[in-house]
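Working notes, structure below.
Coordinate-derived values only; no laboratory data. As the structure is a prediction and not an experimental result, all values here were calculated from the model. Cβ sites come from the backbone with ideal geometry, for glycine too, and all protein chains shown count toward neighbours.
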Amino acid sequence: MDWGNVTVEDLMEALREVEWSTPPRPIPEFFSRFTAPRSYSKWTSRLKCNLYYYRTNYFILIMFILAVGFIRRPLSIVAALFTGLSLAFLNDSFAVTFNEKVTRTVRQFSPHLAAKMRPPITPVLRGRPTKRSIHICGWPRSVFVFFFAAVSCVLWFTSSSLLSVAWALVIALLATLIHASLRTPNLKARLNTFREEFRAVWRNYSEI
């Protein structure tokens, strides 16, 4: 796949819809084979490739740096957790899996309540189902994203760590950017594994 032809919007949409339940890539692989890109086009292609392929590693890296930055302030760690959840809910796979597990747990205690938590039926237009909207516990996903984001902002403010979180977030994002820019893409994975994943994500779009 020519990652140079993949736009930023395509990459963000793919990261939102792709499966995130896969385990992170091995640490020896994650910290090996660093080279400087030879041109701007090579850099942008490598950056998008690594952001997609090492997505789970980068998410863990960012959460780890945030946790280390606030290890002396437990409230800030909780705020980082809520921030991570609000971002994780933006991913379709995580939101659907979270909803299924919560609904399954509630069903053991109250089947009636679990029935109310089911997502609405997807309407069918011209014989084809429309793209399903993601619901969590019977509510639109945006409600949960807004709630966890709002709670995390309150916790950041009450813990008096706004400046600290800014520095930690900058360091985390900078570390991710540097790694994604210098890590030579895994050729075998690029040609096989995540190429098929990316094609699966965009199969519906190619049929339109």
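Separation of the range 166-184 and the range 74-93 by C-alpha centroid, Å?
19 Å
With each pseudo-label sitting 7 Å past Cα toward Cβ, what's the Ser133-His112 distance in nm, one decimal?
Each label point is offset 7 Å from its Cα along the Cβ direction, giving 2.7 nm.
Apply the Karplus curve 6.51 cos²θ - 1.76 cosθ + 1.60, θ = phi - 60°, to the phi angles in the range 91-98 and return the couplings in whole Hz, x for Gly and Pro.
Each residue's phi maps through the Karplus curve to give 7, 4, 4, 5, 4, 5, 5, 4 Hz.
Hey, rough spin-label estimate for Glu9 and Ala166, points 7 angstrom out along Cα→Cβ, what's it come to in nanometres?
Placing both labels 7 Å beyond Cα along the Cβ direction yields 3.2 nm.
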